[in-house]
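Engineer: Here you go, one structure.
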Amino acid sequence: MIVSAKWLISSLLYLVLAQRPVIAKGRYNISFAQLDTCDSIDIDASSGYAYKDFFMVHTLDNNNVKSNERLHLKFYVLTSMDAHILLSVTNRPRPNDRVYEIVIGAGGNTFSTIRTSMGLRRVSTNQDPQLLSVYEPTPIEIVQTKDGDLYVYIPGFKKEPLLHFLDASALNINYISFSTFGSNSARWFYDCAFDGYRNEMEQQQRQQSNEERLLGELIYQAQNSSLPGNLSEIQFNFQMRSLSYDQSSALLRARMQLMMHWQDARLRWQPESYGRLTSLKHPQLQIWTPQIVVLNGALESLGVALKSFELRVYSNGNVSLLASNWELTTWCVDTARNWPNERINCDIQLGVDQNQANIALTYDNRQKPLAPNEHVNTPSGWTFVEIAVTHVENATTFRYTPKGLLQTMSGDVAIGFTLQRNSEFYRLVFVMPLFVTEILLALSFLLRGYRRGALVLIVLLLTAWGLMYLTRHASPHYVPPLMSVYQHIMRISIYCYLLHVAIMWLECYPPRAKAPAWLLAVINSTPLRLILGLRFSDATAYCDIQEQPWRQLAKILNNASFIGVNICFIVLNVRDLYSI
């Protein structure tokens with residue numbers, strides 16, 4: 001009995017709900033089913049902040065205008081922010097003309113305002129946020145009285161006006177237009193039957209210009225941007241703007257102006273039929289364009305890299321593509337091992353990625369890659385000495401390998417650059433300190449005492465600083481010859497400092513033991529003293545040597561080391577430094 005009662009109640013509820021369909025409504029009590037009775041206009045993301053389509057306001061047959069009102073409009077919008085409404089006297093307002101511009105949800109949907117010029121002169125502001133949404137329509141009601149009051153309401157939000165402006169010199173509104181801001185899109189609904197505002201506005205019908213007619217015809221003839229028939233080659237030329245090479249990451253970065261030309265017979269027209277227009281350049285031109293791929297591209301240049309460009313179509317069917325600031329990044333490994341005198345070859349491999357189409361790139365030799373008197377920036381330690389364009393030697397007829405990887409094929413080209421490091425700069429920065437350290441070490445043999453030790457320590461510090469600074473620029477994959485010279489200079493400096501300690505010990509704190517006979521014989525050797533530039537030992541000097549042999553030994557070590565160190569410097573300069 002209880003089960004039967006539950007079944008009966010459920011059946012009655014189902015019948016009641018079936019006879020009264022539920023209509024989903026938002027916070028403003030507006031459903032999408034109601035908006036089906038409205039006319040609408042879409043503002044796409046590419047339109048930006050621009051008023052393109054104007055509507056004429058029907059002030060005479062608007063049955064919602066009351067006795068003290070000039071204007072009474074109501075419409076709905078779906079957008080996330082920046083709902084712009086322009087009320088103007090003319091359909092071609094200039095930037096400084098007086099208008100009423102109403103913006104709902106400005107500043108990222110944080111405030112609303114009335115302006116008396118496009119983009120300027122706020123006269124009323126409201127800080128209520130989050131009035132707009134892309135999920136539910138927002139109603140907007142505009143009332144202009146004969147006394148010059150302009151009211152903006154959001155029905156369902158609050159009864160009081162959202163915005164109010166009293167204009168002592170009220171405008172006689174004849175046209176209305178809608179827009180948005182930035183990359184935001186919006187959809188506007190107007191002349192809705194469900195709210196009694198059926199005959200408010202009428203979109204202005206104007207005659208298309210010759211450029212607009214030609215644009216529509218070209219888009220139609222392009223057949224959904226399909227590949228032109230019998231297209232086998234695309235001519236191109238370029239002019240370099242900048243070139244830089246990062247050795248540590250093996251990346252070549254280039255910036256150039258690229259120009260491409262091809263023939264599309266479908267896009268021909270008679271200039272006399274379109275006001276003698278012989279060419280057309282328009283941002284909304286939709287025709288086939290080649291997908292240029294960088295086969296050895298790196299980072300953001302991997303795959304299809306040509307994304308921003310300008311198109312121009314000529315009446316004879318020629319099409320030109322201009323990328324005025326094309327930036328590329330490719331891999332280029334430095335295999336030379338003679339820093340800082342490397343000379344390497346890098347290239348940029350280009351091809352056309354088109355399904356089942358073998359389209360070759362042909363370089364136009366009439367245009368040079370370097371314009372006359374054109375400066376090419378080289379924001380790195382490398383400069384290019386030669387530019388050449390060659391065809392890639394590859395008989396492959398498929399763009400992708402069986403594993404889906406890009407590969408070169410017949411018709412691809414390579415823009416080759418011969419790069420050379422700015423070795424003069426590095427020689428000036430790193431070689432000159434070496435000559436200075438050599439001179440200071442040679443002068444240290446002429447000094448005595450602590451001044452000599454201080455000079456040798458200065459040389460050690462300079463050499464260590466140069467060696468550490470060298471590691472920031474030289475390749476870490478091998479030891480360049482210049483670094484080896486720094487290492488030799490540092491070893492010689494350490495030897496000189498140890499020699500300084502030994503000489504100070506022999507002169508100031510000599511051993512008390514008597515020198516052995518063989519040492520005295522060496523000290524008194526006439527040929528040795530001649531070679532070392534010491535005075536020959538006469539009777540008086542002979543007696544002094546016998547009494548103080550250790551001081552004479554210090555002089556012999558000093559002079560012999562001076563000669564040996566200078567010989568090492570000569571060998572290093574001839575073998576390593578002059579070859580850098």
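The values are calculated or read from the model by the stated rules, or taken from the named source; none is laboratory data. This structure is a prediction, so every number in the text was calculated from the model and none was measured. Note: accessible area is taken over every heavy atom of the protein model, side chains too, but ligands, DNA and RNA are not part of it. Shrake-Rupley method; radii C 1.70, N 1.55, O 1.52, S 1.80 Å.
Engineer: For segment 36-146, report the translational diffusion coefficient in µm²/s to the nearest whole number, using Stokes-Einstein at 37 °C, 0.692 mPa s, and a Kirkwood Rh over Cα pairs.
Structural biologist: Once the numbers are plugged in, D ends up at 215 µm²/s.
Engineer: Can you compute log10 of I(q)/I(0) for segment 389-489 with the Debye formula, treating each Cα as one identical point scatterer, at q = 0.20, 0.22 Å⁻¹?
Structural biologist: With one equal scatterer per Cα and no solvent, log10 I(q)/I(0) is -0.99, -1.10.
Engineer: Here's something else I'd like to know. What pairs in Lys52/Lys159; Lys52/Lys74; Lys66/Lys158; Lys307/Lys403; Lys52/Lys307 have C-alpha atoms more than 30 Å from each other?
Structural biologist: With Cα atoms farther than 30 Å apart: Lys52/Lys159.
Engineer: Let me ask another. With a 1.4 Å probe and all protein chains kept in place, how do Arg366, Arg241 rank by accessible area, largest first?
Structural biologist: Highest to lowest solvent-accessible surface, that is Arg366, Arg241.
Engineer: Oh, and also: Quick check of the Kirkwood formula: for segment 265-343, what is the inverse mean of 1/r over all pairs of different Cα atoms, in Å?
Structural biologist: 15.9
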